[in-house]
Amino acid sequence: MRLPHVAVEEADAVDIGIIGVPWDGGTTNRAGARHGPRQMRDQSTMMRNVHHVTGIRPYELANCADLGDTSVNPVDLLDTLKRVEEFYQGVHAKGIMPLTAGGDHLITLPVMRAIADKSRPLGMVHFDAHTDTWDRYFGDYEYTHGTPFRRAIEEGLLDPKRTIQIGIRGGLYTPEDKDWGLEQGIRVVEIEEYFDLGPEKVGQLAREVVGDGPVYVSFDVDGLDPVYTPGTGTPEIGGYSTHDAQKMLRALRGLDIVGADVVEVSPPFDPSGATALVGVTMMWELLCMMAEKVAAE
């Protein structure tokens, strides 16, 4: 977004930090999201200064900066989780709200580990085709891009009763795959219900579910129909449109958003950059709301 690059160590005056996590070691099928932050930065030059609907001018309301990419270890998943968590601990210690470009969806787990207060776990508005609350992959492997929110709930980082997942669809490996999250109290809006309600009602439902506490917004681009985001690792047909997604994000204005991410942009499957443009436009929507929160504090 043409923002200055500032090292975390020197970011004492920064309110909102945009961060890349160039890693896809949690991917179980089509890798490539490690290249997402690079292409999203490139496409972010298309973002301007004023939101055309709300009139929000984020760069006048908050000190925003590009904090660069986290360190990752492409051959060691657990080491990468540690590196990412430590980076965000430094960001959080300076009172900076993180806005992240992924990376696969597992990267949300170390971010939450760094910023969540276990005495008051995070609520979450989660846009996705998949719940990402599955337990194990490939026998007994517990850390993949399909498991972050199960781990986050188990670790006390995420309050399932203040969590809503929007756009869920696609085949399952077993009939029980979606039961666990429902049993914990997650409000799951499957795509059929989404189309029955429409974006305005779903946006209002999201506000009711998360309430007044701290909220994390996690936006997986495969929640959108793949006609809009073909460059993603696990596309599912039959999703919502980019415009409807923008409407739902705008419905979150005024919530206590403490962090957000846009993940699973995979440039190898869309060299045109259209998917990355969608992803970074969703980041712009989030940035405007986060800046408005800074100004109100």
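The values are calculated or read from the model by the stated rules, or taken from the named source; none is laboratory data. Fair warning: this is a prediction, and the values are worked out from it, not measured in the lab. Every residue, glycine as well, gets a Cβ built from its backbone with ideal geometry; the counts of neighbours run over all protein chains shown. In case anyone asks, the SASA skips ligands and DNA or RNA and just uses the protein heavy atoms, side chains included. Shrake-Rupley method; radii C 1.70, N 1.55, O 1.52, S 1.80 Å.
Scanning segment 3-41 for residues that are within 15 Å of LEU99 (Cα to Cα), touching a helix residue (DSSP H, G or I) at 6+ places or on another chain (Cβ under 6 Å) and open to solvent by 40 Å² or more (accessible area, probe 1.4 Å) gives a single hit, ASP15. None of GLU292, GLU297 is at pLDDT 95 or above and open to solvent by 10 Å² or more (accessible area, probe 1.4 Å) except GLU292. Any residue in segment 212-234 that is touching a residue at least 24 places away in the same chain (Cβ under 8 Å) sitting within a Cβ distance under 7 Å of a residue that is among the hydroxyl-bearing types (Ser, Thr, Tyr) and surrounded by fewer than 20 Cβ atoms within 10 Å (Cβ to Cβ)? List the pairs, counting only those 6 or more apart or interchain. Cβ pairs passing all conditions: LEU224/THR242; TYR228/SER241; TYR228/THR242. Output the number of the condition that VAL91 fails; it satisfies all remaining conditions of (1) closer than 21 Å to PHE219 by Cβ; (2) among the β-branched types (Val, Ile, Thr); (3) open to solvent by 10 Å² or more (accessible area, probe 1.4 Å). Against the list (1) closer than 21 Å to PHE219 by Cβ; (2) among the β-branched types (Val, Ile, Thr); (3) open to solvent by 10 Å² or more (accessible area, probe 1.4 Å), VAL91 comes up short only on (3).
Restrict the check to segment 68-81 and report whether at least one residue is of a type in the set (Ser, Thr, Tyr), out of contact with any Asp or Glu (no Cβ under 8 Å at 6 or more places or on another chain), more than 17 Å from ASP261 (Cα to Cα) and open to solvent by less than 30 Å² (accessible area, probe 1.4 Å). Checked against the condition, which is being of a type in the set (Ser, Thr, Tyr), out of contact with any Asp or Glu (no Cβ under 8 Å at 6 or more places or on another chain), more than 17 Å from ASP261 (Cα to Cα) and open to solvent by less than 30 Å² (accessible area, probe 1.4 Å), segment 68-81 yields at least one hit.
Of all the criteria given as (1) surrounded by fewer than 19 Cβ atoms within 10 Å (Cβ to Cβ); (2) assigned to a helix (DSSP H, G or I), the one not satisfied by ILE237 is (2). Checked against the criterion of being in contact with a Gly (Cβ under 9 Å, 6 or more places away or on another chain), of a type in the set (Gly, Ala, Ser), at pLDDT 95 or above and within 19 Å of ALA116 (Cα to Cα), the candidates GLY211, GLY170, GLY156 yield just one match: GLY211.
For segment 251-275, a residue qualifies if it is among the hydrophobic types (A, V, I, L, M, F, W, C), over 14 Å from the mean Cα position of the chain (by Cα) and over 15 Å from PRO214 (Cβ atoms), and the qualifying residues are ALA251, PHE269, ALA274. Taken over segment 49-76, the criterion of being in contact with a Phe, Trp or Tyr (Cβ under 9 Å, 6 or more places away or on another chain) and closer than 17 Å to MET290 by Cβ is satisfied by ASN49, HIS51, PRO58, LEU67. Somewhere in segment 42-54, is a residue within 20 Å of PRO98 (Cβ to Cβ) and among the β-branched types (Val, Ile, Thr)? Among the residues of segment 42-54, not one is within 20 Å of PRO98 (Cβ to Cβ) and among the β-branched types (Val, Ile, Thr), which makes the answer no.
What is the residue count in segment 241-292 for residues that are among the aliphatic types (A, V, I, L, M) and part of a loop (DSSP other than H, G, I, E, B)? Total satisfying the criteria: 4. Tell me yes or no: at least one residue of segment 256-263 is open to solvent by 20 Å² or more (accessible area, probe 1.4 Å), under 28 Å from ASP15 (Cα atoms) and in contact with a strand residue (DSSP E or B) (Cβ under 7 Å, 6 or more places away or on another chain). The answer is yes; a qualifying residue exists.
Summed over segment 146-180, residues that are basic (Lys, Arg) and under 26 Å from ASP244 (Cβ atoms) total 4. The helices (runs of 4 or more DSSP H) found entirely in segment 1-115 that carry 1 or more residues being more than 17 Å from GLY233 (Cβ to Cβ) and touching a Ser or Thr at 6+ places or on another chain (Cβ under 9 Å) are 36-43, 77-93, 108-115.
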